[in-house]
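Report on one structure; see the data block that follows.
The numbers here are math on the coordinates, done by the rules we state, and not lab data. A quick note: this is a predicted structure, and the numbers were derived from the prediction, not measured. Ideal geometry is used to build each Cβ from the backbone, glycine not excepted, and the neighbour counts take in all protein chains shown.
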Amino acid sequence: MAKRADENNSDHPASDAGGALSTRGLRVIRRQTLKERIYQELRKALQEGKFEPGESITVKLLEQELGGGTMPIRETIQRLAAEGALINLPTGRVKVPLFTADEFDEIKEIRLRLEGLAARNAAIRLSDEDFARIELSHQRLMSVATGNTEWGEIVHLNYVFHFAIYEAARSPHLLSMIDSLWLRVSPLLSIPFKKPAKVRAEWVLGHEHNQLRLLDALKQRDGKAAEAVIREIILGSAAWYHRHHQFAAEPL
């Protein structure tokens with residue numbers, strides 16, 4: 001089940017706060033018995049695009065990056081593989097998924113329906129407090145999206161913004177399905193921020209315009225308009241990837 005979008009490692013106990021970070025920015029897990037925290041840290045790293053599409057992942061690498069021991073790492077890999085975030089190959093290797101254009105478009109079509117429904121329901125059901133949280137999350141995203149902020153933070157804040165909306169739909173099962181889809185495509189989420197400035201700006205400016213329209217639809221409690229804008233965001237993003245990303249020729 002998806003965590004609240006504004007949760008950001010708030011469950012880390014004081015004894016682990018300020019722990020060392022690996023070269024990839026993963027927080028080293030000090031308590032080997034806390035399997036869930038190892039899982040959440042790796043899941044968050046995948047969500048933020050800190051692993052490349054097609055990248056090999058080994059237990060040894062994750063032990064070096066996270067700590068925590070072999071068995072919790074193996075269990076985390078198996079759990080994320082079951083969610084579609086990692087792929088176990090017959091050779092015993094583990095890889096981050098590569099996507100063909102057809103796979104990407106299949107997920108896009110599912111997202112259009114699920115996220116459109118969530119946006120529509122959110123507009124109808126959200127409270128004033130929900131809207132204030134959504135608006136604040138958008139302000140935080142815009143404050144970093146056009147600057148020199150590390151791209152992992154931008155990807156994270158984009159997730160926070162979208163899921164602040166989807167949570168307001170008050171549909172836990174729908175939220176979980178959307179979260180699963182985002183996790184599956186997460187290796188692609190950092191790609192816009194690794195492109196030349198002009199190409200990146202095309203992605204950022206398109207999103208900024210539509211997100212402002214989305215905020216207006218939510219403020220007006222206009223479910224139909226909110227659904228339409230979310231669909232435009234997803235379709236616009238998909239079109240950007242088809243223009244600027246080289247998809248795999250075959251599934252991994």
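Worth a mention:
- About its Cα centre, the chain has a charge dipole of approximately 280 debye under the convention of +1 per Lys or Arg Cβ and -1 per Asp or Glu Cβ, with nothing else charged.
- Backbone phi angles across the stretch 78-86, fed through the Karplus curve with coefficients 6.51, -1.76 and 1.60 (θ = phi - 60°), yield HN-Hα couplings of 4, 5, 6, 5, 5, 8, x, 7, 9 Hz in residue order; Gly and Pro are listed as x.
- Summing charges over all other residues whose Cβ lies under 13 Å from the Cβ of residue 221, with Lys and Arg as +1 and Asp and Glu as -1, gives -1.
- Per-residue Cβ neighbour rank within 10 angstrom, fewest leading, 127, 186, 180: 127, 180, 186
- Nearest-ten-degree value, helix 197-219 long axis tilted from longest Cα axis of the chain: 60
- For residue 194, the lysines whose Cα comes closer than 29 Å to its Cα, not counting residues fewer than 8 places off in the same chain, are 3, 44, 50, 60, 95, 108.
- Distances between placed amide hydrogens fall under 5 Å for residue 248 paired with 99, 100, 101, all partners being 5 or more residues away or on another chain.
- Ellipticity estimate at 222 nm from DSSP helix runs (n ≥ 4, -39,500 (n - 2.57)) divided over the chain, nearest 500: -20500 deg cm²/dmol
- Placed amide H near residue 55: partners under 5 Å, 5+ positions off or other chain: 96
- Once Rg and the Kirkwood radius are both taken over the C-alpha atoms of the chain, their ratio Rg/Rh works out to 0.96.
- Aspartates and glutamates whose Cα lies under 17 Å from that of residue 195, excluding same-chain neighbours fewer than 8 positions away: 48, 52, 150, 153
- Evaluated with a Cβ-only charge set (Lys, Arg +1; Asp, Glu -1), the stretch 101-244 carries a dipole of roughly 180 debye about its Cα centre, given to the nearest 20.
- More than 23 Å apart - percent of Cα-Cα pairs taken over the stretch 101-244: 30
- Rounded, prolate or oblate (a/c below 1.5 giving rounded, otherwise prolate when a/b exceeds b/c) for the stretch 85-185 by Cα gyration tensor: oblate
- In order through the stretch 179-186: 3J(HN,Hα) via Karplus (6.51 cos²θ - 1.76 cosθ + 1.60), integer Hz, x for Gly, Pro: 4, 5, 5, 4, 5, 4, 8, 4
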